[in-house]
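Read the structure below first, then the notes.
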Amino acid sequence: MHEMSIIQQVVNSLNSELSAEEKYQVSNIILHLGELSNVQPILLENAFKAYQEASADYVHTRLTVLQIPVVIHCDQCGEDSRVKQYVFKCNNCGKPSTNLISGEELLIHKIEFFDPFKLQ
């Protein structure tokens, strides 16, 4: 299950950037996951839950996975089109295109922290 290795990479990235104090204040990790990334959001969420059960880190952190649609750019007419049912053609002129704008992402989009004033 490669989702566990993805979660481990996410955690390693956070640990390398955050102080020990900041690490315990993370409330939400928001990931952007492209439809073509070959990763299922539910499996990624389950892998994060398994990580939380096995580690004391990020136990109060939520993981939000936002799926990013496949969007192509048409060199013929200049329009951007969302790919539907894996048919890579322009929605405007009907010409085929493999010029991807989005849909392959797998990245940490945002980290949210608990508001220290609300904790008191």
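The values are calculated or read from the model by the stated rules, or taken from the named source; none is laboratory data. Here the structure is a predicted model, which is why all the values come from computation and not from measurement. Neighbour counts run over all protein chains shown; Cβ positions are idealised from the backbone, glycine included.
Some notes on this structure:
- For region 12-53, filtering for residues that are among the charged types (D, E, K, R) and under 14 Å from the mean Cα position of the chain (by Cα) leaves 2.
- Residue identified as under 26 Å from Ile101 (Cα atoms) and part of a helix (DSSP H, G or I) among Leu43, Leu36: Leu43
- Region 89-103 residues that are hydrophobic (A, V, I, L, M, F, W, C), paired with ones that are part of a loop (DSSP other than H, G, I, E, B) (beta carbon under 6 Å, 6 or more apart): Cys90/Cys74; Cys90/Glu79; Cys90/Ser97; Cys93/Gln76; Cys93/Cys77
Each row is one residue, and each column tells you yes or no for (1) closer than 30 Å to Cys93 by Cα; (2) among the basic types (Lys, Arg); (3) out of contact with any Cys (no Cβ under 7 Å at 6 or more places or on another chain); (4) at pLDDT below 95.
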| position | (1), (2), (3), (4) |
| --- | --- |
| Gln9 | no, no, yes, no |
| Gln25 | no, no, yes, yes |
| Thr61 | no, no, yes, no |
| Leu66 | yes, no, yes, no |
| Pro69 | yes, no, yes, no |
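- Among the residues of region 83-100, those identified as surrounded by 13 or more Cβ atoms within 10 Å (Cβ to Cβ) and either touching a helix residue (DSSP H, G or I) at 6+ places or on another chain (Cβ under 7 Å) or part of a strand (DSSP E or B) (or both) are Lys89, Leu100.
- Tabulated pairs, region 75-88, first among the small types (Gly, Ala, Ser), second part of a strand (DSSP E or B) and surrounded by 12 or more Cβ atoms within 10 Å (Cβ to Cβ), C-beta under 9 angstrom, 6+ apart or interchain: Ser81/Val71; Ser81/Ile72; Ser81/His73; Ser81/Lys89
- Leu33 being touching a strand residue (DSSP E or B) at 6+ places or on another chain (Cβ under 9 Å), farther than 27 Å from Asn91 by Cβ, at pLDDT 95 or above and crowded, with 18+ Cβ neighbours inside 10 Å: no
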